[in-house]
1. Calculate for chain A the 222 nm mean residue ellipticity that helices alone would give, adding -39,500 (n - 2.57) per DSSP H run of length 4 or more and normalising by residue count, nearest 500 deg cm²/dmol.
2. Give the separation of the Cα centroids, region A:253-315 to region A:127-206, in Å.
3. Viscosity 1.306 mPa s, temperature 10 °C: what is the translational diffusion coefficient of region A:187-342 from Stokes-Einstein with a Kirkwood Rh over Cα pairs, rounded to a whole number of µm²/s?
4. Using a basic spin-label model with each label point 7 Å from the Cα along Cα→Cβ, how many nm lie between residue B:106 and residue B:132?
5. Based on the Cβ-Cβ distance from residue B:115 to residue B:53, what FRET efficiency comes out when R0 is 35 Å, to the nearest 0.05?
6. Would you mind getting me the FRET efficiency between residue A:478 and residue A:353? Use the beta-carbon distance for r and R0 = 25 Å, nearest 0.05.
7. Using the beta-carbon distance between residue B:158 and residue B:31 and R0 = 22 Å, what value does 1/(1 + (r/R0)^6) give for FRET efficiency, to the nearest 0.05?
8. Tilt of helix B:128-138 relative to the longest C-alpha principal axis of chain B, in degrees (0 to 90, nearest 10)?
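What follows is calculated from the coordinates using simple rules that are stated; it is not laboratory data. As the structure is a computational prediction, the values presented were derived from the model and not from experiment. Don't worry about glycine lacking a Cβ; one is built from the backbone with ideal geometry, like all the others, and counts go over all protein chains shown.
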Ligand SMILES: Cc1ncc(C[n+]2csc(CCOP(=O)(O)OP(=O)(O)O)c2C)c(N)n1
């Protein structure tokens, strides 16, 4: 068996069913081995899309997604996808071809130092030097990617190494001296947390992406219900706590809901679970949580104390830690606090009076028509936050978004990955006209593989989010944000063989969405909205998150 | 405050660039870094001197610990420890000043490791203060070249 076959066989040993990839000269033998295997290969239209698709696959399944690219430009095209996965702690395995070992460092055709380039945003990476190491490296890569705080791992395999022979043996265990995540919370800190919860008058849970990757949703629900603690989620945490639960207050942070931001700002105890107090949550303000005690539970010790100094730090797997805390707490009621929280009602922002369809109406209708059961991915921009606010997510792993890196072009290929993982699910990508133009070529991938992914484009003829920033921070001195050439997205869809629809008025929302949801084909819906539509609430740079515009 | 970190790492290719990359990427400043194999050939030890407050040092240690190739990080500045640095100094030394230089070398218990027609190379081992003091004294003769290994450090006792 040669190195390429050993690599593919190792993937099979890890239970890999599908690889998203794009071939090239440095991975010929990998493709030969792939063809002979039971693994399905999905040919995307760019390597970036392959990485995003692997990430979408991973987000809905919880298992590492795998992407594959050739050396040089293939590898560099993966980079955005790898960095996106890294920032959101998503386990993906990226495999890249490399030029032959004796050529490395000589700037030969399609050579790039991809392990050097990706070191800052992979959890770990490998340049394979010895063919015998391949099974061990694959085993380690999957272990590292999927345990502890998950993240991407890259394996770079030179052409000659892939061609060399070895005797295949797949190791049963991994041995890594420097990698031993701490899964169990310190009992002393757990006791302190229990006491703090008992003592607190105005506690709040801030549930982050770690709750989803740590499969701790039911524990968070139990803690909230037992101790009557209201819950906010971060963008990455959406779906980790049911959006229709009476204790749910919404998204927190710079574009958080009025109620969530007010509540967290008046809490006397913040229980952050698998959340990292990112600047999108705190507004970057040093005043954040100054009055509150903070219990910070995270598997990654480096997140604790990085942005907010906790009163009670607990390093451990969030599920284990919450289980331990649940053993200590008693049923509590907090009628006053719950009532106070429910009074944090915004007077609502006034819709601009215009003829255009409102994004909110479309998303709420989508929620209704899909019974809240769709898997929804977004791109980055206003539409992303409208989706976060108006689609009620009630299950983990149903909302896929690039929270950390904020990568436009992520959502569509991620939706493709999700649809590959869940062929029966309704998978919808909510997009802006800007973001869709970043990876719209993936319509070809969707068609080719009969993946009935639906794309809803909120078409404001501009880069809405940046336009909004220029409105607030640059005195409406707009530049570089409006499109002069607006493609006909219906025809674009049809050009790929997919179905195209357009919504221009309210009466079209329901009938078009119904048709689209029921369709067995990839669909694109061009929804014409007002160019001046904004995302509210909004916290201005430097303000505490309790001060919102348009709350 | 200045901290000395002893970092045990897997002796893998790329580990030095991972560690140094982490420092620059996260905005931490390395004052000196010395690296070499330990008593176990598959493990190397880095001695890294960093300037920073407690928050910075905690972040540095935690981020280093996240690297898969990093086995252990210990802050050995606060404890009883021994630290040494080796310096080579080439000084202008025409025959008229040689005896003066030799005197200084003896006081510092340094060694003369090379003598040329108009220069000498002096080897000195010591902690930072000793090295600085000697450097000050030799300045008057003219220092042509100076190279330091960076500090290596070890805890006292068991
Ligand atoms: C790859 C990438 N480039 C640039 C940005 C900066 N950016 C953030 S939101 C945005 C506008 C997005 O426009 P669109 O997709 O049309 O969505 P809208 O905000 O209009 O809903 C831009 C350019 C980004 N997030 N990602």
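1. About -11000 deg cm²/dmol.
2. Taking the Cα centre of each part, region A:253-315 and region A:127-206 sit 25 Å apart.
3. 107
4. Going by the 7 Å Cα→Cβ label model, 2.8 nm.
5. Efficiency for this residue pair is about 0.15.
6. 0.70
7. With a Förster radius of 22 Å, E is 0.20.
8. 30
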